[in-house]
Amino acid sequence: MFDFIADIRKDYILKTLSESDAEDNPIAQFEKWWKEAVHSEIIEPNAMTLATASSDGLPAARIVLLKGFDQKGFLFYTNYNSFKGQQLAENPRACLVFFWKEIERQVRITGIVSKVNPASSDEYFHSRPSLSRFGAVASPQSQVIESREWLELRVEKLTEDLGSEDPKRPEHWGGYIVRPVTIEFWQGRSNRLHDRLQYSLEEGGGWKIERLAP
Ligand SMILES: Cc1cc2nc3c(=O)[nH]c(=O)nc-3n(C[C@H](O)[C@H](O)[C@H](O)COP(=O)(O)O)c2cc1C
């Protein structure tokens, strides 16, 4: 039965990544790949794996959505009291991984995480559709709850209590920014000889580019 799994393999042939094509700055390089991902009809190209770890080294990973990026870093929103929020409070470092299989690419970012300022979280929170705002307020993300009904009743009660008022952003819900320390761009190539270029932040603020073995 498991033989079949071992037989699933794919040769990557679509693109290449060379030092001469790569931008000097990794955010500029990310922007280039991001635009290609968006134009490649990938469903949710902004879905990324976020890996965190407790201070005792226990890792955890889950998907979150990228909500913006610039020279300061990569932005996502979540519940600060969630399991990931607890891990980030203990150990404010994270790894993000994008897998854009339609263009045979992976991007891995490691960095230092901090909360964005409350005004930016407010702005994003209020730009969300009303039902997802109610959901964010009502859901104690990552806690054990007794049933689906319990959650639905909480949303219902909140909606009734607020009437036509808009729910406010709870203090425990907001953005995190991952300030990159390394960014690796991985391009699938034929016969497992993939291209991997890694940018590492240097003391002066510049970026070193190195090729890694696939
Ligand atoms: C496609 C996709 C997008 C998601 N986006 C988010 C997100 O942006 N923020 C978030 O808190 N959870 C998001 N989730 C849910 C998380 O994967 C996870 O279940 C939740 O954040 C709780 O994680 P934790 O218990 O490790 O803190 C998303 C899940 C999927 C599958």
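If a residue must be outside any strand (DSSP E or B) and open to solvent by less than 20 Å² (accessible area, probe 1.4 Å), how many such residues does the range 171-193 contain? Residues in the range 171-193 being outside any strand (DSSP E or B) and open to solvent by less than 20 Å² (accessible area, probe 1.4 Å): 1 in total.
What are the residues in the range 55-67 that are touching a strand residue (DSSP E or B) at 6+ places or on another chain (Cβ under 8 Å) and either of a type in the set (Lys, Arg) or away from the ligand (no atom under 12 Å from the Cβ) (or both), if any? The answer is ARG62, LYS67.
Residue-by-condition table, conditions (1) in contact with a helix residue (DSSP H, G or I) (Cβ under 7 Å, 6 or more places away or on another chain); (2) open to solvent by 70 Å² or more (accessible area, probe 1.4 Å):
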| residue | (1), (2) |
| --- | --- |
| ARG105 | yes, no |
| THR110 | no, no |
| ASN117 | no, yes |
| GLU123 | no, yes |
| ARG128 | no, no |
| GLN143 | no, yes |
| ARG148 | no, yes |
| ARG154 | yes, yes |
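Which residues, counting only those in the range 52-67, are in contact (Cβ under 8 Å) with a residue 40 or more places away in the chain and open to solvent by less than 30 Å² (accessible area, probe 1.4 Å)? Once the filter is applied, which keeps residues that are in contact (Cβ under 8 Å) with a residue 40 or more places away in the chain and open to solvent by less than 30 Å² (accessible area, probe 1.4 Å), the range 52-67 yields THR52, ALA53.
Every residue in the range 68-90 that is near the ligand (Cβ under 7 Å from one of its atoms) and either open to solvent by less than 50 Å² (accessible area, probe 1.4 Å) or on the phi > 0 side of the Ramachandran plot (or both), please. Across the range 68-90, the qualifying residues are PHE76, TYR77, THR78, ASN79, SER82, LYS84, GLY85. I'd like the full set of residues that are crowded, with 18+ Cβ neighbours inside 10 Å and not polar (S, T, N, Q), limited to the range 1-36. Within the range 1-36, TYR12, LEU17, ALA22, PRO26, ILE27, PHE30, TRP33, TRP34 meet the criteria. Need the failing condition index for ILE209 against (1) within 25 Å of VAL113 (Cα to Cα); (2) open to solvent by less than 60 Å² (accessible area, probe 1.4 Å); (3) touching a strand residue (DSSP E or B) at 6+ places or on another chain (Cβ under 8 Å), just the number. Only one criterion is unmet by ILE209, namely (2).
Give GLN187, GLN141, GLN198 a once-over and let me know the one that is closer than 30 Å to ALA53 by Cβ, within 23 Å of the chain's Cα centre (by Cα) and within 16 Å of the ligand (Cβ to nearest atom). None of the other options fit; the residue is GLN141.
Would you pick out the residues in the range 91-132 that are of a type in the set (Gly, Ala, Ser) and away from the ligand (no atom under 16 Å from the Cβ)?
GLY111, SER114, ALA119, SER130 - these are the residues of the range 91-132 that are of a type in the set (Gly, Ala, Ser) and away from the ligand (no atom under 16 Å from the Cβ).
The values are calculated or read from the model by the stated rules, or taken from the named source; none is laboratory data. Only a predicted model underlies this, so the values are computations on that prediction, with no experimental measurement involved. Cβ: placed from backbone, ideal geometry, glycine included. Neighbour counts: every protein chain shown. To get the accessible areas, we keep the full protein, side chains included, count just its heavy atoms, and leave off ligands, DNA and RNA. Shrake-Rupley method; radii C 1.70, N 1.55, O 1.52, S 1.80 Å.
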